[in-house]
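First up is the structure itself, then whatever we jot down about it.
The values are calculated or read from the model by the stated rules, or taken from the named source; none is laboratory data. What you see is a predicted model, and the numbers here were worked out from it, not measured in a lab. Quick reminder, even Gly has a Cβ in these numbers, built from the backbone with ideal geometry, and neighbours come from all protein chains shown. Side chains included, ligands, DNA and RNA excluded: accessible areas come from the protein's heavy atoms. Shrake-Rupley method; radii C 1.70, N 1.55, O 1.52, S 1.80 Å.
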There are 2 protein chains.
Amino acid sequence: METFFSFLERRVDDCSSLLCIGLDPHLADLQHPTPEAALDFCLSIVKETSTYAAAFKPNAAFFEYFGAEGWIALQKLISAIKAESQRLGSMIPVILDAKRGDIASTAEAYAKSAFEHLGADCITLNPYLGKDSIDPFLKFPKKGAFLLCKTSNPGSDDLQNLLVKNSEFSENSGFSPLYIHVAQLAQSWNTANNIGLVVGATQPEALAKVRAAAPDLWFLSPGVGAQGGDLATALKAGLRADGKGMLINVSRSIARAESPKRAAAELRDEILQVKNQLNF
Amino acid sequence: METFFSFLERRVDDCSSLLCIGLDPHLADLQHPTPEAALDFCLSIVKETSTYAAAFKPNAAFFEYFGAEGWIALQKLISAIKAESQRLGSMIPVILDAKRGDIASTAEAYAKSAFEHLGADCITLNPYLGKDSIDPFLKFPKKGAFLLCKTSNPGSDDLQNLLVKNSEFSENSGFSPLYIHVAQLAQSWNTANNIGLVVGATQPEALAKVRAAAPDLWFLSPGVGAQGGDLATALKAGLRADGKGMLINVSRSIARAESPKRAAAELRDEILQVKNQLNF
């Protein structure tokens, strides 16, 4: 049966790319502060980069900013990505970056909003409330969820780096950072090939540790480009044994490039080159 | 200068109540699965219970479920609470239960959405991304944020109960659960009287520990009623030294009562009675 990650892997093969294009219509990037301008900004990136995109990742916040009209724009954007995919003859997964997380009955409403109403294929979730806050999303067998694990922002250390006592069943009797425990939980929860992890590319050592803790999972890795992460170092630290398992998310450095199309093509090729050097 | 919590305390004094009424239009409670029905359901609870409500807490998920039209309904609901407050002559704070959490520039868009566009006075946030994900919300000097600390759902133990090594500066050299570290961080971050904590009423021992770790903060405590938490035990464990500092959140047991008005009045009086017994 098709799962979200088998869908993603088919697209990765179709376009020989591990690039996830973030669609973040920051006000600063818009000619006018309107939902129509936000939609146009994203549509133009989609048109220019679809050949090279393993996935698109619209960020809910920049649409919510415009209230109801922003919501309509987000829905139109996701429909437009489906239409563009059909034109290309290869469906491109849409990951809704919403970082939701709530108790069960509430999580169910969020899941229906993202998957049924908006038509997203996958969502980012915050794991702080535990497994029963994730389950309502996992009940959609063809959809997926990336759980926040180690994020790329400076404040990520405040909680994610706290040293947590390892379980008595662990090989190591000492401590591991909280984000490693999250990675281990996610690996153990992933019984239906629908859970991945958000792991920033700005801290390659952390990336390598998460890969060791969760050898099977797909990572969604922001932080290359505008946030300063190095592409080759990140791929080396995070790729799975099969040379997949990692989506490199780029937003601003493509959106603000003179030619987003060329920027995406170059980045796709750079990823392929690094993979070749690593013998994948 | 007025802060969110000085605003809340004025309302608590005006209505002699620590009751926060959750506005969760579950589909199961609606006559028709429409945004209009969700709005009517909430408006009727607001009308019936406003005399006894220290705050109202609409849950974003049940409105997002309806997409753009749900968003309009949520905006109308918040406006209606302001109008009802003016009728009463005492403004009732609106806490948007949205559990957001994202990196800085994105968090800024969420903050503007909640505080400017929707007009909420306060929001619930997930602390997993650290201080810089909270800061954009704190920049609004009259608004507030409740950070998730110890939630009332069964899965809350998965992460929140993990044992974290105490800092070398701590009185205790051993371990404390993750939620205690979150409480300590929140207490230290609360330099402008705008940060509170979500602490479920279902685990009174945890509630007492959080109170010890964060003696000054307001708690938003769900879990009494439908989820099985005992009111007197929770108040005993969580009230601040001044007999305030705790909002008892109730949703279903008021919404589904034969008379929501009577249910809210009784609960308000029950809280007052327990406070009297505790000599506040």
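Calculate the FRET efficiency for B:SER259 and B:GLU36 from the Cβ-Cβ distance with a Förster distance of 22 Å, rounded to the nearest 0.05.
Values: r = 23 Å, r/R0 = 1.07.
Working from the Cβ atoms, E equals 0.40.
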Just to confirm a number: summing +1 for Lys and Arg and -1 for Asp and Glu over residues other than B:PHE63 whose beta-carbon lies under 11 angstrom from that of B:PHE63, what do you get?
-3
Where the centroid of each part is defined by its Cα atoms, how far is region B:83-113 from region A:45-81 in Å?
25 Å
For region A:4-277, the charge dipole (Cβ of Lys, Arg +1; Cβ of Asp, Glu -1; about the Cα centre) points to a positive end, and the Cα of A:SER173, A:THR49, A:ASN276 closest to that extreme belongs to A:ASN276
Leaving out ligands, DNA and RNA, what percent of the accessible area of region A:18-123 is carbon and sulfur, probe 1.4 Å?
52 percent
Antiparallel bridges, percent of DSSP beta bridges restricted to chain B (to nearest 5):
10 percent
Accessible area in square angstrom per residue, the protein assembly as shown, 1.4 angstrom probe
37 Å²
Which residues, if any, in region A:48-79 have at least 50 Å² less accessible area in the whole protein complex than in the isolated chain, probe 1.4 Å?
A:ALA61, A:GLU64, A:TYR65, A:ALA68, A:TRP71
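Can you give the FRET efficiency to the nearest 0.05 for A:SER6 and B:ALA28, using r as the Cβ-Cβ distance and R₀ = 30 Å? Walk me through the numbers before you get to the answer.
Details: r = 34 Å, r/R0 = 1.14.
Result of the calculation: an efficiency of 0.30.
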How large is the dipole of region B:4-277 about the Cα centre if only Lys and Arg carry +1 and Asp and Glu carry -1, each at its Cβ, rounded to the nearest 20 debye?
420 debye
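Could you report the buried accessible area between B and A, both sides summed, computed with a 1.4 Å probe and given in Å² to the nearest 100?
Chains B and A together bury approximately 4700 Å².
Going from most exposed to least, what order do A:MET1, B:MET91, B:MET246 have by accessible area with a 1.4 Å probe?
Most to least solvent-accessible, the answer reads A:MET1, B:MET91, B:MET246.
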Taking protein heavy atoms only, a 1.4 Å probe, and rounding to whole percent, the accessible area of region B:186-269 owed to carbon and sulfur comes out at 47 percent
Just to be sure I understand the interface: list residues from region A:152-166 that lose 20 Å² or more of accessible area between the chain on its own and the complete protein assembly, 1.4 Å probe.
A:ASN153, A:GLY155, A:ASP158, A:LEU159, A:GLN160, A:LEU162, A:LEU163, A:VAL164, A:LYS165
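Say a site is exposed when it is one of the trypsin sites (Lys or Arg not before Pro), sits in a DSSP loop, and has at most 15 other Cβ atoms within 10 Å; what is then the longest site-free stretch of chain B?
B:1-138
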Can you check how the C-alpha radius of gyration of chain A compares to 2.2 N^0.38 Å, as a plain ratio?
0.96
Cleavage-rule hits, GluC sites (Glu not before Pro), region A:1-86, DSSP coil, Cβ neighbours within 10 Å at most 14:
A:GLU2
Projected convex hull area of region A:15-127, Cα atoms, direction-averaged, in nm², equals 7.2 nm²
For the protein assembly as shown, what does -39500 (n - 2.57) per DSSP helix run (n ≥ 4), summed and divided by total residues, give at 222 nm, in deg cm²/dmol to the nearest 500?
-13500 deg cm²/dmol
Result row for chain A, helices from DSSP H with C-alpha axial extent 27 Å or more and mean Kyte hydropathy at least -0.5, is A:67-88
Sequence-separation-based contact order of region A:47-193, relative, with Cα cut under 8 Å and 6+ spacing, percent
16 percent
Using alpha-carbon pairs under 8 Å, 6+ residues apart, how would you state the relative contact order of region A:4-277 in percent?
19 percent
Debye-sum result for the protein assembly as shown in log10 I(q)/I(0), which assumes one identical scatterer on each alpha carbon, at q = 0.10 Å⁻¹:
-0.80
